[in-house]
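Undergrad: Provided herewith is a single structure, encoded as structure tokens, for subsequent inquiry.
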Amino acid sequence: NLLDIIIDQNVDIDGFGACGGTLSCSTCHLIFDKANYDSLPNKVTEEEQDMLDMAYELSDTSRLGCQIV
Ligand code: FES
């Protein structure tokens, strides 16, 4: 599950999900490796991308954790 991914990726989860999944922060920003990114069940929406653009250290395989279903 997602928490396992967070732990696997050694993401600092301090303050993770500050906005409670309402797409108004980027504290749930996750950087996946390519294989994991490609296997995520849903793709980035326009709203998610807008918020991702403000995330620290945005990468090609970045997602907002709260938007992964
Ligand atoms: Fe704020 Fe995901 S928890 S955008």
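Undergrad: Place the peptides 51-57, 30-36 in order of packing, highest mean first, counting for every residue the other Cβ atoms within 10 Å and averaging per peptide.
TA: Highest-to-lowest ranking by the protection proxy: 30-36, 51-57.
Undergrad: Stretched out fully, how many nm does the piece from Asp50 to Asp38 gain, at 0.36 nm a residue minus the Cα gap?
TA: 2.3 nm is the gain from fully extending Asp50 to Asp38.
FYI, it's all coordinate maths here, none of it is from the lab. Model, not experiment: these values are computed from the prediction. Neighbour counts are summed over all protein chains in view; Cβ atoms, including those assigned to glycine, are modelled from backbone coordinates with ideal geometry.
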